[in-house]
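Just so it is clear, none of the values below were taken in a lab; they were calculated from the coordinates. Computed from a predicted model, the values in this text were never measured in an experiment. Methodologically, a virtual Cβ is constructed for each residue, glycine included, from the backbone with ideal geometry; neighbour enumeration extends over all protein chains shown.
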Amino acid sequence: MFSVKMAACVARRLGPRLAKIASVSRTFHCSTVDQSGGAWRVKHGFPINPSHYGPLTDLPDWSFADGRPAPPMKNHLRRKEKNENLARRVAMISAEMDHGVEKWKAKQDERERKAEEKRRNRLQPKGSSQKQDPE
């Protein structure tokens with residue numbers, strides 16, 4: 001049963017000839033391959049993919065002989081825009097969270113105020129058996 005599902009997955013992705021191979025061979029699979037050394041990189045604080053960020057990705061490839069920096073490359077501009085959008089989104093979500101926490105606190109205060117008002121406005125017993133509530 002497992003090899004049939006695997007063969008169907010391969011057939012959709014790679015074609016009918018490879019599906020026949022997949023049904024015969026148990027070592028053929030269609031899952032993604034982990035990056036080599038990815039666990040080590042994560043353990044030591046590096047990205048899983050070495051091309052994700054770092055000096056080789058973030059710094060320019062070249063500069064002019066007189067020391068002027070090179071104009072930014074297309075992918076560098078794309079990554080910079082993506083990071084700016086991410087920073088804007090983080091700031092927006094953080095502001096929404098702050099607003100939500102303030103709203104929740106106001107709601108809790110209002111609930112406590114109403115409970116206190118109910119306690120103060122409840123009926124009091126008459127006569128000599130009246131107890132004094134500490135206020």
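Data for the structure
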| item | result |
| --- | --- |
| Tally of Lys pairs whose C-alpha atoms are under 30 Å apart, taken over region 36-135, 8 or more apart or cross-chain | 12 |
| Full-extension gain in nm, H76 to D98, via 0.36 nm per residue minus C-alpha separation | 4.6 nm |
| Environment charge at A106 (Cβ cut-off 13 Å; Lys +1, Arg +1, Asp -1, Glu -1) | +1 |
| Residues K43 and N85, FRET efficiency given R0 of 35 Å [Cβ-Cβ distance, rounded to 0.05] | 0.75 |
| Net lengthening on full extension, L56/R119 (0.36 nm per residue, minus Cα-Cα) | 15.9 nm |
